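These notes are about the structure you will find just below.
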Amino acid sequence: MTTTPKPLLAFNGQGIPAALRASKRWAPWKAVWSDKRGKYDKIPVRADQPEYNLSTANPARWFPFNEALAAHNAAQGMTAGVGYVMTKPHGVVGVDLDGCLDNEGRPEPWAQEIIDMLCGYVERSPSGNGLRIFVRGAIAGDWVNHTVGVECYAGHKPRFLTVTGRRLPDSPEDVPQAPEGALDWLAEKYQDKSPPKAGGDTAPVPLLLTDDEIPAVHDLGLPRFA
């Protein structure tokens, strides 16, 4: 599958909710076009060394919002924005709706129903074709429905959500508590109950070591051969 890359939506750091900015869960990210997938791979990188990928499973590698934003601004186009690390439950749920906007940029009816039920902070995704919703709350486990294009994450697995700060009009400016039963309703209606396919889950981005973190061969205790 080969398609022409479309420009990503411009990033607006000032539009990110204060509740998210207060967390040390941030990193810049690079957009790498995939001909096979026909979309960008969104790869989190370290704010202190953007040439290295960031581990979404290692909290020691995550950064405060201001540091991630400063690194993005200094990258001079090498990064596409900053993103939020969902890894480990922390009272925030992120919902990703793919391909849910019509030609006028308005949510499709099914997406609008989800927006109305969750009453959360809503912004457009980097592609400009989808939406991100953030609410306070908890779910029993992360889940995805690729058929419809609904993903729901609360940190049960290593996960990174890119953000744009491009808030939808009439959406709350911060991250409110989800209405009682709203997240259960979402799972009941959209969670794919079929068994997962082998190898279908997305692995966390591996951590690339710097030169000074790579151990010397003679320190590894390997057997010697004549």
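The values are calculated or read from the model by the stated rules, or taken from the named source; none is laboratory data. Bear in mind the structure is a predicted one, so any value in this text is a computation, not a measurement. We place every Cβ from the backbone using ideal geometry, glycine too, and count neighbours over all the protein chains shown. The accessibility values were calculated without ligands, DNA or RNA, using every heavy atom of the protein model including side chains. Shrake-Rupley method; radii C 1.70, N 1.55, O 1.52, S 1.80 Å.
Of all the listed residues (HIS146, HIS156, HIS72), the sole one being touching a helix residue (DSSP H, G or I) at 6+ places or on another chain (Cβ under 9 Å) and more than 19 Å from GLY181 (Cα to Cα) is HIS72.
Determine if the range 50-57 includes at least one residue that is in a strand (DSSP E or B) and in contact with a Leu (Cβ under 9 Å, 6 or more places away or on another chain).
Scanning the range 50-57 turns up at least one residue that is in a strand (DSSP E or B) and in contact with a Leu (Cβ under 9 Å, 6 or more places away or on another chain).
Touching a Cys at 6+ places or on another chain (Cβ under 9 Å) and within 18 Å of VAL175 (Cβ to Cβ) - does that describe any residue in the range 116-123? Within the range 116-123 (the criterion being touching a Cys at 6+ places or on another chain (Cβ under 9 Å) and within 18 Å of VAL175 (Cβ to Cβ)), the answer is no, since none of the residues qualifies. On the stretch given as the range 130-147, residues that are open to solvent by 60 Å² or more (accessible area, probe 1.4 Å) and of a type in the set (A, V, I, L, M, F, W, C) total 2. Taking the criterion of being assigned to a loop (DSSP other than H, G, I, E, B), open to solvent by 80 Å² or more (accessible area, probe 1.4 Å), free of Cβ contacts under 8 Å to residues at least 24 places away in the same chain and over 24 Å from ASN12 (Cα atoms), the only residue of the range 148-184 that qualifies is GLU180.
Taking residues in the range 73-92 that are at positive phi, and partners anywhere that are open to solvent by less than 10 Å² (accessible area, probe 1.4 Å) and assigned to a strand (DSSP E or B), the pairs with Cβ atoms closer than 7 Å and at least 6 places apart or on different chains are GLY81/TRP29; GLY81/THR162.
Yes/no per residue for (1) modelled with pLDDT of 90 or more; (2) farther than 28 Å from ARG136 by Cβ; (3) among the hydroxyl-bearing types (Ser, Thr, Tyr); (4) not in a loop (DSSP other than H, G, I, E, B):
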| site | (1), (2), (3), (4) |
| --- | --- |
| LYS24 | yes, no, no, no |
| TRP29 | yes, no, no, yes |
| ARG37 | no, yes, no, no |
| PRO44 | yes, no, no, yes |
| GLU67 | yes, no, no, yes |
| GLY77 | no, yes, no, no |
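Give the residues of the range 108-129 that are without any contact (Cβ under 8 Å) to a residue 40 or more places away in the chain and surrounded by fewer than 19 Cβ atoms within 10 Å (Cβ to Cβ), sorted by residue number. Those that are without any contact (Cβ under 8 Å) to a residue 40 or more places away in the chain and surrounded by fewer than 19 Cβ atoms within 10 Å (Cβ to Cβ): GLU108, PRO109, TRP110, GLN112, GLU113, ASP116, ASN129.
Scanning the range 1-22 for residues that are of a type in the set (A, V, I, L, M, F, W, C), assigned to a loop (DSSP other than H, G, I, E, B) and surrounded by 18 or more Cβ atoms within 10 Å (Cβ to Cβ) turns up LEU9, PHE11, ILE16.
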